[in-house]
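Worksheet: one structure, shown below.
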Amino acid sequence: MLDKAVVEKLKEIVGKKNVLTQKVDVITYSYDATADMPRQVPDIVVMPSTTEEVRKIVNLACIHNIALYPRGAGTNLSGGCIPLKQGVVVSFQHMNKILEVDPENLAAVVQPGVVIQDLNNAVAQYGLIYPPDPGTVTTATMGGSVAENSGGLRGLKYGVTKHYVMGMEVVLANGNKVRFGGKTVKNVTAYDFSNLFVGSEGTLGFITEITAKLIPAPKYRRTMMATYKTVEDAGNTVAGIIAAQVIPATLEIMDNMTIKTVEDYAKVGLPTDAAALLLIEVDGMAELVVLQEAEAVQKVVKNNRGDLNVATSDAERDKLWSARRAALPALAQLGNCVIIEDATVPRSKITNMLMACANIGEKYNVTIGTFGHAGDGNLHPTILADKNNKDEMDRVHKAVDEIFATALSFGGTLSGEHGIGIAKMKYLGDEIGQNGLDLMKSIKEALDPNYIINPGKMVPSKGA
């Protein structure tokens, strides 16, 4: 347990009401949305409201060598914010202000606790959007999203979080505050520190302010659902759409397991006899271009033996996308352990990876439902299991090992958007090699030599 004097000092820094010490209060900060992860109930949870309070927390932790765990909404799927040893969870839920919306410079300045959907609601009146669109967009925060470099449904056309961070303010492990970047479109002054901290999973510093890039909201869109009798035809359609030089705003896939589960869960009218379906949306500022792209998509779907339905109203469109966003919660209610991965492959290998996931499920006799962002090769094979069944969990872990090995053999990556966290630490060297691991450690130790900030995540432990 923390020394009582340290607890009292934390209460002085953030206010007594912003410090949680009772187990019934802090236990909810001992896990995130990741299943089958080690966890440790933190000693205490503090909720700062200003950058200066964050600096004082970090300075206190340095003096007493206390581990600090930054936390957004806890929606991440790699164990990134789970405490691994006793220490302090620093929750940014009170740093939730939109500090500025600047439509002239297509930018917004926000605190890390701002929910992504709230930012989009605020900028909509100016005809703008913040494009990164994770599945948990209504709860995920900007700080957590930046720390994880979140992707989402619009990643194919619009990119991921790193493409929309223009600058930030960070409190380092020594308590110093630094700022870099800003509202300028071009900025090559010094190292590109913003991109160093984006995706760093809270291991290098505390992000306390973000300058985000906005873009004009597309005026026209066409949303379609294509259904298939084979997974191969669905996968080949994805490749065919890109080969036709059409870049949809979204291009999502669900296999039969996911389709049936979502339909049972959400009752949105999905065809439960389909082997796979694609949800496709093209958008843009010119109606003629959108219609031409939709026509090109329809041709590719037809050539790959797909049946196509086009949404004729916003209500129909919203129903389709609500079905996609329901995929994970629908699958999650089928078992007491749901392991969702995000092995990502080049788009040309999407069909191979879809078939490999199905084969791996059969090989290890485990239930896998696969959905994800097919257009950018980012699949989410989701394994349903009984965590109390040791034999089954052993087979699950072997299946996960093979899923990642297969993705890497296809020229893919361990993670397209969920991050490394705890869940994928043992595979990290398989992708980046020992030299890569050594480089990561050297960066970590340059900025956080005592491994105070989010220890045990993403970077091998000190001395390992």
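Results, tabulated for the structure shown:
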read-out: Criterion: closer than 30 Å to residue 85 by Cβ, in contact (Cβ under 8 Å) with a residue 12 or more places away in the chain and outside the structural domain of residue 197 (by TED's automatic domain parsing) - qualifying residue of 416, 361, 369; value: 416
read-out: Those residues of region 1-30 which are part of a helix (DSSP H, G or I) and hydrophobic (A, V, I, L, M, F, W, C), in sequence order; value: 5, 6, 7, 10, 13, 14, 24, 26, 27
read-out: Residue 67, sole failed condition from (1) out of contact with any Gly (no Cβ under 6 Å at 6 or more places or on another chain); (2) of a type outside the set (S, T, N, Q); (3) farther than 21 Å from residue 418 by Cα; value: (1)
read-out: Checking residue 78 against (1) outside any loop (DSSP other than H, G, I, E, B); (2) in contact (Cβ under 8 Å) with a residue 60 or more places away in the chain; (3) surrounded by 20 or more Cβ atoms within 10 Å (Cβ to Cβ), the condition it does not meet; value: (1)
read-out: Residue 433, sole failed condition from (1) surrounded by 17 or more Cβ atoms within 10 Å (Cβ to Cβ); (2) at positive phi; value: (1)
read-out: Of the criteria (1) closer than 23 Å to residue 449 by Cα; (2) in contact with an Asp or Glu (Cβ under 8 Å, 6 or more places away or on another chain); (3) at pLDDT below 95, which one residue 84 fails; value: (2)
read-out: Residue 247 being within 21 Å of residue 379 (Cβ to Cβ), touching a residue at least 60 places away in the same chain (Cβ under 8 Å), part of a loop (DSSP other than H, G, I, E, B) and in the same structural domain as residue 313 (by TED's automatic domain parsing); value: yes
read-out: 3 or more residues farther than 17 Å from residue 234 by Cα, of a type outside the set (A, V, I, L, M) and within 26 Å of the chain's Cα centre (by Cα): qualifying helices (runs of 4 or more DSSP H) within region 250-334; value: 256-266, 314-325
read-out: Sole exception among (1) surrounded by fewer than 19 Cβ atoms within 10 Å (Cβ to Cβ); (2) modelled with pLDDT of 95 or more; (3) polar (S, T, N, Q) for residue 91, by number; value: (1)
read-out: Any hit, region 54-61, residues being within 15 Å of residue 90 (Cα to Cα), out of contact with any helix residue (DSSP H, G or I) (no Cβ under 7 Å at 6 or more places or on another chain) and at pLDDT below 95; value: no
read-out: Test: residue in region 47-58 that is more than 20 Å from the chain's Cα centre (by Cα) and assigned to a strand (DSSP E or B); value: no
read-out: Residue match in region 140-150 (condition: surrounded by fewer than 21 Cβ atoms within 10 Å (Cβ to Cβ), polar (S, T, N, Q) and over 18 Å from residue 453 (Cα atoms)); value: no
read-out: Exclusive hit being within 30 Å of residue 156 (Cα to Cα), of a type outside the set (Asp, Glu) and not in a loop (DSSP other than H, G, I, E, B), set 122, 33, 61; value: 122
read-out: Strands (runs of 3 or more DSSP E) within region 135-244 that include 2 or more residues assigned by TED's automatic domain parsing to the domain that holds residue 270; value: 220-228
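The values are calculated or read from the model by the stated rules, or taken from the named source; none is laboratory data. The structure presented is a predicted model; accordingly, all values stated were derived computationally and were not measured. Virtual Cβ from ideal backbone geometry, glycine too; neighbours counted across all protein chains shown.
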